[in-house]
Amino acid sequence: MDAKKDTPEQAEFRDHARRWLRENKPAPLSTRLPEYPIEVVSDEHRRYLCDWQKKCYQAGLVACDYPKEFGGGGHSGFQRIASQEMGAAGTPYLINVIGLNMAAPTILHHGSDELKRKFLPPLFAADEIWCQGFSEPNAGSDLAGAQTSAVRSGDNWILNGHKVWTSLATFASWMIILCRTSNDDKYKGLTYYVTPIANTKGVTVRPLIKITGQAGFNEVLFEDVVIPDAYRLDEVGNGWQVAMTTLLHERGAAEGAGGGGGDTLEERTAGLVRLAKRMKRNGKTAWDDAAIRDRIMQIIVRAEGMRQLYRRARVGGLIEHPMRIPLQGKLLISELLQDASALGMEIAGAHASLYLGDANAPDGAEWPLSYLNSYGITIAAGTSEVQRNILGERVLGLAKSK
Amino acid sequence: MAQPKDFGFGEDEQMLRDSARKFLADNAGIETLRRSVAHDHHEAYESPVPPATYDADLWAKMVELGWTTLAVPESSGGSGMKMVAVAALAEEAGRAALVSPLITTLLATCTLREAASDGARAALTRIVGGEASALAITNADGVWDSADSGVTAKVTKKGATLNGTVHFVQDARKVAFFVVAAKSGKKVGLYVVNADTPGVTIHPDRIVDLTRDQAHITFENVTIPATQIVAPAGEGEAVLTKAMPAWLTIVAADMCGAGEWQLQTTTAYAQMRKQFDHPIGFFQAVKHPLVNMMVKIDEARSLVYAAACAIDVEPKSAERYARLAKSSASDMAAFCSGRSVQLHGGIGFTWECDVHIYFKRQKHNQMLFGDGLFQRSKLADMFDSAA
């Protein structure tokens, strides 16, 4: 914790947060929550998590640093503390992640005061869940290729198109959406809106089934959906700049989601050692196999390296370029979790074939399940390939790939 | 004691690092490096006696700057700075591919300071006075494991007599004295032996790396006085075990600095060199490996500072962190070296392109005190006892 650097006000807030979280930590549900909030699909989980976020908001632990007039706490440097204390207390995650990490900062930067007053308080309280409409079947890594159209009609806009990878859309009241308003220029032809999703004429939300066989995200179809011009963020043609604000926050959020704090990672690596000590291989345990031991240690070196990297990111004297470490986060955590799960499957050997519902599957089929799921993280929020482009271009200054 | 969040890397450490970087850029830049060790391939690899390039003037300046006394405790006349400061200096030495007994003297210093003997203190005082020193602890098998040096010591009333051959001694021809591990029966002791003592013969090795010299050293009835006993027979192994995390950390830090040079140099080339109408860094087949170099350097460097910090404040975890750091840095060094030559293309394969100098230093350091595979094997052993 950075408790030492807290101002007196921040220290007092930290005490409050710590005490409140200890006293109000909710009892766990009988069914296990998914690994990440964006994967919540059951109504039971949604209700539990929405209630929890609302309580946190009422206790002043959500939106602490947003202006008071828009429902925030009006403080500075409090959210970091609240998040640290939530992590330390091991409380459930906040369900409205896309709202908090992407929609809210974007609306705050680019929205009118009227929109801020209308949208932010219920977003903070999880009374209204948000989702994000960027990716399309033909615009993934090349996001600026979005084709979902918005056509002006008097004081309204008419939306038509197809968004995919839309997490939480089945619960969502609202979506931040990137639309094409002109074909004259790829980037300047984009405009950014907020659109209603729930109970909206012309909007169809269809769950997409992941390679795990589970529901986790959705596609959203727009057919002549009418929204008022007041739901536009920033100027017509400025959608790409607004989207950059969102993405700036998304990558950090994806990294946080992937990391789940350091706990997921530590649990995963410790799990590899335990698994290897149980599984048989060539007449001994897998742990007794020098090659397996080395592979596990490679993962442990990377995991500890990442922890120390984040630590170093805050030491001014030991960083060269301000974005060099932050821009690595999502790439590192996603590839590490993927490699760790893949290794878990190798160690499990024949047992890696056993999937959910099979009583003999080691660790409840966690290894094949998390390996399959890991591709969600290496693809979402900018694929690993795009992350490497960004690092090469923005940090190393290499020529931009087209 | 828990580690401080900032690794203990404060203003003093940063000032030292920044001034070291500037000093080495001014006094041991790439032009100087090329001129001193790589101007002629015949001389580098075919001289009757392998070269041991040594710049006495540069050494004197570094002594004057206090670099050799950083790791010496204040009680022995040094400045007793933190290990993070030593790591930062080693990183700069690596960035410059520094040709100097500085690193080897730091390794010897970190060993001597773990022995609470008059002999050790006397040796540290000599280092403070500007003398260079090297560890001589590795046997003919290349095993630097403390239990098995290739030298025996016969302890007498007046001191000890050493016989045998120790191998893989770094910068052997640039130092005034060696810290020698020698066995009496099964007991390991540590002894200071001056390079010019009768009976000491230094046999230079022909090595790939151009930025250092290496030798095996024969001791024939080499007699030393009791004042040069650093650790009496039976106490040497503990001293080496305690010092080992510092060796790994220093060498890993050197590799991080050199790795960063490889990254920056290769990146600059990828920005400038044009093929197929684009700077080659435009192509992802070049761009992505450069990013992978950066990612590996950043991992290794973070682990190096964690290891240095552990040595300073959390000695119980020092071995674990140091092995993590050396494992990461060794693999990083191998990767960055390979990519630095490959991505330079045709010119990268020639003697005139500087990348081979760093390539060779990195490959040498990769193996020194055990490569990544070795460190990970030791790390795995630590999990055997844990449930």
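The values are calculated or read from the model by the stated rules, or taken from the named source; none is laboratory data. Here the structure is a predicted model, which is why all the values come from computation and not from measurement. No Cβ is skipped: glycine too gets one built from the backbone with ideal geometry, and neighbour counts run over all protein chains shown.
Determine, yes or no, whether residue B:269 is within 17 Å of the chain's Cα centre (by Cα), closer than 26 Å to residue B:209 by Cβ, aromatic (Phe, Trp, Tyr) and assigned to a helix (DSSP H, G or I).
Numbers: within 17 Å of the chain's Cα centre (by Cα): no; closer than 26 Å to residue B:209 by Cβ: yes; aromatic (Phe, Trp, Tyr): yes; assigned to a helix (DSSP H, G or I): yes.
In short, no.
For residue A:303, work out the one condition from (1) within 14 Å of residue A:273 (Cβ to Cβ); (2) within 22 Å of the chain's Cα centre (by Cα); (3) at the interface with chain B (Cβ under 8 Å from one of its Cβ atoms) it doesn't fulfil.
Result: residue A:303 passes all but (3).
So which residues in the range A:346-365 are in a helix (DSSP H, G or I) and either surrounded by 20 or more Cβ atoms within 10 Å (Cβ to Cβ) or of a type in the set (A, V, I, L, M) (or both)?
Of the residues in the range A:346-365, the ones in a helix (DSSP H, G or I) are A:346-353, A:362-365.
Once the filter is applied, which keeps residues that are in a helix (DSSP H, G or I) and either surrounded by 20 or more Cβ atoms within 10 Å (Cβ to Cβ) or of a type in the set (A, V, I, L, M) (or both), the range A:346-365 yields A:347, A:348, A:350, A:351, A:352, A:362, A:365.
Show me the helices (runs of 4 or more DSSP H) found entirely inside the range B:45-112 where at least 1 residues are touching a Cys at 6+ places or on another chain (Cβ under 7 Å).
The helices (runs of 4 or more DSSP H) meeting that bar are B:83-95.
So which residues in the range A:16-28 are touching a helix residue (DSSP H, G or I) at 6+ places or on another chain (Cβ under 8 Å) and either surrounded by 14 or more Cβ atoms within 10 Å (Cβ to Cβ) or part of a helix (DSSP H, G or I) (or both), if there are any at all?
Residues of the range A:16-28 that are touching a helix residue (DSSP H, G or I) at 6+ places or on another chain (Cβ under 8 Å), as a first pass: A:17-18, A:21-22, A:24-26.
Across the range A:16-28, the qualifying residues are A:17, A:18, A:21, A:22, A:24, A:25.
Restricting to the range A:307-318, name every residue that is in contact with a helix residue (DSSP H, G or I) (Cβ under 6 Å, 6 or more places away or on another chain) and more than 7 Å from chain B (Cβ to nearest Cβ).
Step one: filter the range A:307-318 for residues in contact with a helix residue (DSSP H, G or I) (Cβ under 6 Å, 6 or more places away or on another chain), giving A:308-309, A:312, A:317-318.
Scanning the range A:307-318 gives no hits.
Could you tell me which residue of the range B:349-387 is farthest from residue B:99 (Cα to Cα), considering only residues that are among the acidic types (Asp, Glu) and more than 14 Å from every other protein chain (Cβ to nearest Cβ)?
We begin by selecting, within the range B:349-387, every residue among the acidic types (Asp, Glu); these are B:352, B:354, B:371, B:381, B:384.
Narrowing the set further to residues that are more than 14 Å from every other protein chain (Cβ to nearest Cβ) leaves B:352, B:354.
Working: B:352: 18, B:354: 15 Å.
The extreme case among them is B:352.
Hey, does the range B:331-342 have a residue that's over 21 Å from the mean Cα position of the chain (by Cα), within 14 Å of chain A (Cβ to nearest Cβ) and surrounded by fewer than 24 Cβ atoms within 10 Å (Cβ to Cβ)?
Yes, the range B:331-342 has at least one match.
Quick check: anything in the range B:265-280 surrounded by fewer than 24 Cβ atoms within 10 Å (Cβ to Cβ), without any contact (Cβ under 8 Å) to a residue 60 or more places away in the chain, in contact with a Ser or Thr (Cβ under 8 Å, 6 or more places away or on another chain) and within 10 Å of chain A (Cβ to nearest Cβ)?
no
Just checking, does the range B:242-263 include any residue being surrounded by fewer than 24 Cβ atoms within 10 Å (Cβ to Cβ), away from every other protein chain (no Cβ under 11 Å) and of a type in the set (S, T, N, Q)?
no
Examine the range A:326-346 for a residue that is closer than 28 Å to residue B:272 by Cβ and either polar (S, T, N, Q) or in contact with a Cys (Cβ under 6 Å, 6 or more places away or on another chain) (or both), and state whether such a residue exists.
Quick first cut of the range A:326-346, residues closer than 28 Å to residue B:272 by Cβ only: A:326-328, A:331.
Among the residues that remain, those that are also either polar (S, T, N, Q) or in contact with a Cys (Cβ under 6 Å, 6 or more places away or on another chain) (or both) are: A:328.
Yes, that holds for at least one residue.
Looking at (1) farther than 18 Å from residue A:106 by Cα; (2) more than 20 Å from the chain's Cα centre (by Cα); (3) among the charged types (D, E, K, R), which is the one condition that is false for residue A:229?
(1)
Restricting to the range B:35-69, name every residue that is among the basic types (Lys, Arg) and crowded, with 17+ Cβ neighbours inside 10 Å. Show your work before the answer.
Step one: filter the range B:35-69 for residues among the basic types (Lys, Arg), giving B:35, B:61.
Selection gives nothing.
Mind checking whether some residue in the range A:319-330 is in contact (Cβ under 8 Å) with a residue 24 or more places away in the chain and at the interface with chain B (Cβ under 9 Å from one of its Cβ atoms)? Steps first, answer last, please.
Step one: of the range A:319-330, the residues in contact (Cβ under 8 Å) with a residue 24 or more places away in the chain are A:321, A:323-324, A:326-330.
Within this subset, residues satisfying the condition of being at the interface with chain B (Cβ under 9 Å from one of its Cβ atoms) are A:324, A:328.
Checked against the condition, which is being in contact (Cβ under 8 Å) with a residue 24 or more places away in the chain and at the interface with chain B (Cβ under 9 Å from one of its Cβ atoms), the range A:319-330 yields at least one hit.
Do we find a residue being without any contact (Cβ under 8 Å) to a residue 24 or more places away in the chain and of a type in the set (A, V, I, L, M) anywhere in the range B:190-203?
yes
Could you check the range A:123-150 and list, in sequence order, the residues that are without any contact (Cβ under 8 Å) to a residue 12 or more places away in the chain and outside any loop (DSSP other than H, G, I, E, B)? Please lay out each step first, then the result.
Going residue by residue through the range A:123-150, those that are without any contact (Cβ under 8 Å) to a residue 12 or more places away in the chain are A:138-139, A:142.
A:139, the sole residue that qualifies.
Look through B:113, B:121 and report the one residue that is more than 30 Å from residue B:336 (Cα to Cα), surrounded by 23 or more Cβ atoms within 10 Å (Cβ to Cβ) and among the basic types (Lys, Arg). If you could, list the steps in order and put the result at the bottom.
On the way: B:121 fails: surrounded by 23 or more Cβ atoms within 10 Å (Cβ to Cβ).
Only one candidate qualifies: B:113.
How about the range B:315-329: which of its residues are within 13 Å of chain A (Cβ to nearest Cβ) and farther than 12 Å from residue B:303 by Cα? Give the steps one after another, and end with the answer.
Quick first cut of the range B:315-329, residues within 13 Å of chain A (Cβ to nearest Cβ) only: B:317, B:320-329.
The one that is within 13 Å of chain A (Cβ to nearest Cβ) and farther than 12 Å from residue B:303 by Cα: B:317.
Mind checking whether some residue in the range A:382-397 is free of Cβ contacts under 8 Å to residues at least 12 places away in the same chain and more than 14 Å from every other protein chain (Cβ to nearest Cβ)?
no
Any idea how many residues of the range A:170-186 are part of a loop (DSSP other than H, G, I, E, B), modelled with pLDDT of 95 or more and either crowded, with 24+ Cβ neighbours inside 10 Å or under 17 Å from the mean Cα position of the chain (by Cα) (or both)?
The qualifying residues number 1.
Looking at A:80, A:22, A:14, can you tell me which residue is under 23 Å from residue A:129 (Cα atoms) and among the basic types (Lys, Arg)?
Numbers: A:22 fails: under 23 Å from residue A:129 (Cα atoms); A:14 fails: under 23 Å from residue A:129 (Cα atoms).
Checking each option against the conditions leaves just A:80.
Go over the candidates A:388, A:295, A:394, A:307 one by one and state the one that is in a helix (DSSP H, G or I), basic (Lys, Arg) and touching a Leu at 6+ places or on another chain (Cβ under 6 Å). Lay out the reasoning, then the answer.
Working: A:388 fails: touching a Leu at 6+ places or on another chain (Cβ under 6 Å); A:394 fails: touching a Leu at 6+ places or on another chain (Cβ under 6 Å); A:307 fails: touching a Leu at 6+ places or on another chain (Cβ under 6 Å).
Exactly one residue qualifies, and that residue is A:295.
Of the residues in the range B:45-75, how many are basic (Lys, Arg) and free of Cβ contacts under 8 Å to residues at least 24 places away in the same chain?
Pass one, the range B:45-75, residues basic (Lys, Arg): B:61.
Subset that is free of Cβ contacts under 8 Å to residues at least 24 places away in the same chain: none.
Within the range B:45-75, residues that are basic (Lys, Arg) and free of Cβ contacts under 8 Å to residues at least 24 places away in the same chain number 0.
Considering only the range B:290-314, how many residues are touching a residue at least 40 places away in the same chain (Cβ under 8 Å), over 23 Å from residue B:380 (Cβ atoms) and either facing chain A (nearest Cβ under 9 Å) or of a type in the set (D, E, K, R) (or both)?
5
Of A:292, A:325, A:299, which residue is β-branched (Val, Ile, Thr) and within 16 Å of residue B:291 (Cβ to Cβ)? Spell out the reasoning first.
Details: A:292 fails: within 16 Å of residue B:291 (Cβ to Cβ); A:299 fails: within 16 Å of residue B:291 (Cβ to Cβ).
When all the criteria are applied, what remains is A:325.
I'd like the full set of residues that are part of a loop (DSSP other than H, G, I, E, B) and more than 10 Å from every other protein chain (Cβ to nearest Cβ), limited to the range B:9-44. Quick ask: steps written out before the conclusion?
Quick first cut of the range B:9-44, residues part of a loop (DSSP other than H, G, I, E, B) only: B:9-10, B:28-29, B:38-40.
Answer for the range B:9-44, where residues must be part of a loop (DSSP other than H, G, I, E, B) and more than 10 Å from every other protein chain (Cβ to nearest Cβ): B:28, B:29, B:38, B:39, B:40.
Determine which single condition residue A:235 fails, assuming it passes every other condition in (1) within 16 Å of residue A:107 (Cβ to Cβ); (2) out of contact with any Leu (no Cβ under 7 Å at 6 or more places or on another chain); (3) not in a loop (DSSP other than H, G, I, E, B); (4) not β-branched (Val, Ile, Thr).
Among (1) within 16 Å of residue A:107 (Cβ to Cβ); (2) out of contact with any Leu (no Cβ under 7 Å at 6 or more places or on another chain); (3) not in a loop (DSSP other than H, G, I, E, B); (4) not β-branched (Val, Ile, Thr), the lone unmet condition for residue A:235 is (3).
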